[in-house]
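Asker: This is the structure I have questions about; it appears just below.
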Amino acid sequence: MRYRDFFVKTLRESPKGEESRNAQLLIRAGMVDKTMAGVYNYLPLGLAVIRKIEAIVREEMLKAGAAELLMPALHPKRIWEENGRWEILGDIMYQFKDNSGSDVGLGTTHEEVIVDMARKRVKSWRDLPLALFQIQTKFRNEQRPKSGVLRGREFIMKDLYSFHATLDDLNDYYDKMKAVYLRIYERLQVPVKIVEASGGTFTTEFSHEFQVLTEIGEDTIFYCPKCDFAQNNEIAKVEEGQACPNDCGGKIMKANGIEVGNIFRFFDKYGTEMKLTYTDKDSRVMPVLLCSYGIGITRLFGTLAELNHDEQGLKLPTVVAPFQVVVVSLPDKLEAAAAIYEELKAKGVAVIIDDRPDISLGEKIIDADLIGWPYKIIVGNNHSTTDSLEVVTRATGETAIMTLTKFVSGL
Ligand code: ATP
Ligand code: MG
């Protein structure tokens, strides 16, 4: 890929009117553009990162036996009225009338819509269990969104819904999904802690959040460094410095966290309130049991930016970087650079070339570091052939001279 074709447009200055570090970094790197508070364009570079995050999430969902579907963003009030959530979520849900005068809303989440769909199709114990997920845009009228892409008014979420006949089956799948979530964050190199939190607008049960403990997080977490005790302060009855309630001998600590995922057990709530039922083996009509599981895809993108940067710019992990390698050159070495680029491409390397004419090598390097490509190949006067590449690793800043073959074999 070539810079000009991929619309790589960096900014040297921090954008005006953007307070958050993640959005500043992403806007300067040409990954994101702000349209208004909490609403962003994801430019080709940023979308490439998002697609990589989604691919890992999707792969793990499919591996866990879930099937992908796509639900609408536009919802009728009728469905949301059945359990009273139209009103409960009135402040955060965009609600308006369409041309026919009907009330509609933009989806903040999809339990109601998926239950409405499933109740027309799930009839018997033979239809269960069932797990369906989507990766889709949600809308929430967030108050004062000032955390960049961490808190959008329009954002991408992966949401999975699992349907069960028995409590044992529900709990088994819920625990399995906890492990799947940990695997996803591990693959993305995002360290998380599982934290107990409130059950949401709806249940008295705890939910489980996946929190990244970091200063800029909006949530407050109390946790024990010695065992797995961790609670969100919305439910926590402990204080900092107190002995751990698990009697493990640890002392409770307090930290800020970014919630990158949240999983809920709704049990028979939806089955009962929205009449999603099935007939069991003894011909009894029973409510279907439901869980839901969210991952903030664009919030993860922002979290990755918050966790991986330095003075020069982004340092996203290779697993999510849009391309692995950039080729930059002196203005009069563009042809030599193009030859190296073609050779790398032919070998299947995810490579991009900064092919802008009349831009100095120094400026190209500054831009490359701002975007944070994992490897830079610098084509100058001394190293300009496939026999002798100058390779700089973004993560460590180390420079090495090697042949193209050696470089490719080490990727
Ligand atoms: P928060 O407490 O941060 O407002 P939430 O608990 O309301 O989030 P959920 O309904 O649990 O969010 O949504 C599932 C996931 O979607 C969250 O764990 C989070 O990662 C992500 N998410 C929620 N709201 C936003 C938002 N406004 N912008 C980006 N991602 C979000
Ligand atoms: Mg949540």
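The values are calculated or read from the model by the stated rules, or taken from the named source; none is laboratory data. Predicted model, so just to flag it, every value in this text is computed and none were measured. Please note: Cβ atoms are built from the backbone with ideal geometry, for glycine as well, and neighbour counts cover all protein chains shown. Just the protein is used for accessible areas: all its heavy atoms, side chains included, with ligands, DNA and RNA removed. Shrake-Rupley method; radii C 1.70, N 1.55, O 1.52, S 1.80 Å.
Asker: Using the Karplus equation 6.51 cos²θ - 1.76 cosθ + 1.60 (θ = phi - 60°), what ³J(HN,Hα) coupling, rounded to whole Hz, does each residue of the range 113-118 give in order, writing x for Gly and Pro?
Answerer: With the stated coefficients, the range 113-118 comes to 5, 6, 5, 4, 5, 5 Hz.
Asker: Using Cα-Cα distances under 8 Å and only pairs 6 or more residues apart, what relative contact order does the chain have, in percent?
Answerer: Working: 838 pairs, mean separation 64.5, N = 411.
The value is 16 percent.
Asker: Along the Cα-to-C-beta direction of ASN256, a point sits 7 Å from the Cα; which residues of the range 1-28 have their amide N less than 16 Å from that point?
Answerer: 19-25
Asker: In a Gaussian network model over the chain where Cα atoms closer than 10 Å are linked, find which of ASN22, ASN246, ASN308 has the largest mean-square fluctuation.
Answerer: Greatest mean-square fluctuation among the candidates belongs to ASN246.
Asker: Taking K and R as +1 and D and E as -1, what net charge do the other residues with C-beta under 13 Å from the C-beta of LEU389 add up to? Don't skip to the end; give the middle numbers.
Answerer: Working: positive: LYS333, LYS347, LYS376, LYS406; negative: GLU343, ASP387, GLU390.
Once all neighbours under 13 Å are counted, the net charge is +1.
Asker: Quick one: if you stick a label point 7 Å off each Cα along the C-beta vector at ILE359 and LEU62, how many nm between them?
Answerer: In this crude label model, ILE359 to LEU62 measures out at 3.5 nm.
Asker: Starting at the first residue of the range 96-102, write each ³J(HN,Hα) from the Karplus equation 6.51 cos²θ - 1.76 cosθ + 1.60 with θ = phi - 60°, in whole Hz, x for Gly and Pro.
Answerer: 7, 9, 8, 4, 8, x, 7
Asker: If each residue of separation counts as 0.36 nm, what is the full-extension length gain between ARG12 and LYS77 once their alpha-carbon separation is subtracted?
Answerer: Details: separation 65, 0.36 × 65 = 23.40 nm, distance 4.60 nm.
Length gained, ARG12 through LYS77: 18.8 nm.
Asker: Please work out whether the range 19-90 counts as rounded, prolate or oblate from its C-alpha gyration tensor, where a ≥ b ≥ c are the square roots of the eigenvalues and a/c under 1.5 means rounded, while otherwise a/b larger than b/c means prolate and anything else oblate? Working shown, then result.
Answerer: Details: a/c = 2.94, a/b = 1.33, b/c = 2.21.
Since a/c reaches 1.5 but b/c is at least a/b, the shape of the range 19-90 is classed as oblate.
Asker: Taking the Cα atoms of the range 323-409, what is the range of coordinates along each of the three principal axes, in descending order and whole Å?
Answerer: The principal-axis extents, from largest down, are 31, 27, 22 Å.
Asker: May I pose another question? Between LYS281 and GLN312, what length in nm is gained on full extension when 0.36 nm per residue of separation is reduced by their alpha carbon distance?
Answerer: Using 0.36 nm per residue and subtracting the Cα-Cα distance, I get 4.8 nm.
Asker: For the range 161-319, restrict the atom set to alpha-carbon positions and state the Rg and Dmax in Å.
Answerer: Over the range 161-319's Cα set, Rg and Dmax evaluate to 18.4, 66 Å.
Asker: Given the range 29-147, what percent of its DSSP beta bridges are antiparallel, to the nearest 5?
Answerer: On the way: 10 of 12 bridges.
Counting only bridges with both partners in the range 29-147, antiparallel ones make up about 85 percent.
Asker: Further question: Give the long-range amide H neighbours of VAL327: residues separated by 5 or more places, or on another chain, with amide H under 5 Å away, using H modelled in the peptide plane at 1.01 Å from N.
Answerer: When sequence neighbours closer than 5 places are left aside, the close amide H contacts are ILE352, ILE353, ASP354, ILE377.
Asker: Looking at TRP125, LEU26, PHE6, which one has the Cα that reaches farthest to the positive end of the dipole of the range 3-310 (charges on Cβ: Lys, Arg +1; Asp, Glu -1)?
Answerer: Selected residue: PHE6.
Asker: For a distance above 30 Å, tell me the whole-number percent of Cα pairs in the chain that qualify. Intermediate results must be reported in sequence, preceding the final value.
Answerer: Working: 42498 of 84255 pairs.
Cα-Cα pairs in the chain separated by more than 30 Å: 50 percent.
Asker: Please compute the per residue accessible area over the chain with all protein chains in place, 1.4 Å probe, rounded to a whole number of Å². It would help to have the intermediate numbers written out before the result.
Answerer: Numbers: 18850 Å² over 411 residues.
I get 46 Å² per residue for this part.
Asker: Relative contact order (percent) for the range 323-409, with alpha-carbon contacts under 8 angstrom and 6 or more residues of separation?
Answerer: Values: 146 pairs, mean separation 27.8, N = 87.
It rounds to 32 percent for the range 323-409.
Asker: Taking all protein chains as present, what is the carbon and sulfur share of the accessible area of the chain, in % to the nearest whole number, probe 1.4 Å?
Answerer: 49
Asker: Could you list which residues have their amide H under 5 Å from that of ASP219, counting only those 5 or more apart in sequence or on another chain, with H placed in the peptide plane?
Answerer: For ASP219, the qualifying residues are GLY257, GLU259.
Asker: Quick one: if the Förster radius is 25 Å, what FRET efficiency do GLU335 and GLU398 give, using the C-beta to C-beta distance and rounding to 0.05?
Answerer: Details: r = 27 Å, r/R0 = 1.10.
The value I calculate is 0.35.
Asker: Run the quick spin-label model on ASN246 and GLU19: label points 7 Å from Cα toward the beta carbon, then report their separation in nm to one decimal.
Answerer: 3.6
Asker: Over the range 1-101, calculate the relative contact order: mean separation of alpha carbon pairs under 8 Å at least 6 apart, over the residue count, as a percent.
Answerer: Details: 59 pairs, mean separation 15.2, N = 101.
Computed over the range 1-101, the figure is 15 percent.
Asker: Something else: Label-point separation (nm) for GLU342 and SER388, each offset 7 Å from Cα along Cα-to-Cβ?
Answerer: In this crude label model, GLU342 to SER388 measures out at 2.2 nm.
Asker: Under a point-charge model restricted to the Cβ atoms of Lys and Arg (+1) and Asp and Glu (-1), what is the dipole moment magnitude of the chain relative to its Cα centre, in debye to the nearest 20?
Answerer: Working: 52 positive and 59 negative charges, 121 e Å.
Rounded to the nearest 20 debye, it is 580 debye.
Asker: Using the alpha-carbon centroid of each, what span in Å lies between the range 34-83 and the range 125-184?
Answerer: Cα centroid to Cα centroid, the span is 10 Å.
Asker: Then there is this: Grab the Cα-Cα distance for LEU411 and GLU186, subtract it from 0.36 nm times how many residues apart they are, and report the gain in nm with one decimal. Kindly include the intermediate steps, with their values, before the conclusion.
Answerer: Numbers: separation 225, 0.36 × 225 = 81.00 nm, distance 2.00 nm.
Gain on extension, LEU411 to GLU186, equals 79.0 nm.
Asker: When the Karplus curve 6.51 cos²θ - 1.76 cosθ + 1.60 is applied with θ = phi - 60°, which whole-Hz ³J(HN,Hα) does each residue of the range 369-385 get, with x for Gly and Pro?
Answerer: Karplus-based 3J(HN,Hα) across the range 369-385 equals 6, 5, 6, x, 3, x, 10, 10, 10, 9, 9, x, 6, 8, 10, 9, 10 Hz.
Asker: I want to verify a result. In a Gaussian network model of the chain, Cα cutoff 10 Å, which of these has the top mean-square fluctuation: THR386, THR272, THR396?
Answerer: The residue with the greatest mean-square fluctuation here is THR396.
Asker: Putting +1 on Lys and Arg Cβ atoms and -1 on Asp and Glu Cβ atoms, find which of GLY302, ALA338, CYS291 reaches farthest to the positive end of the dipole of the range 212-367.
Answerer: CYS291
Asker: Distance from a point 7 Å along Cα→Cβ of VAL319 to each backbone N in the range 44-78: keep the residues under 20 Å and list them by number.
Answerer: Counting backbone N atoms under 20 Å from the label point, the list is 46-66.
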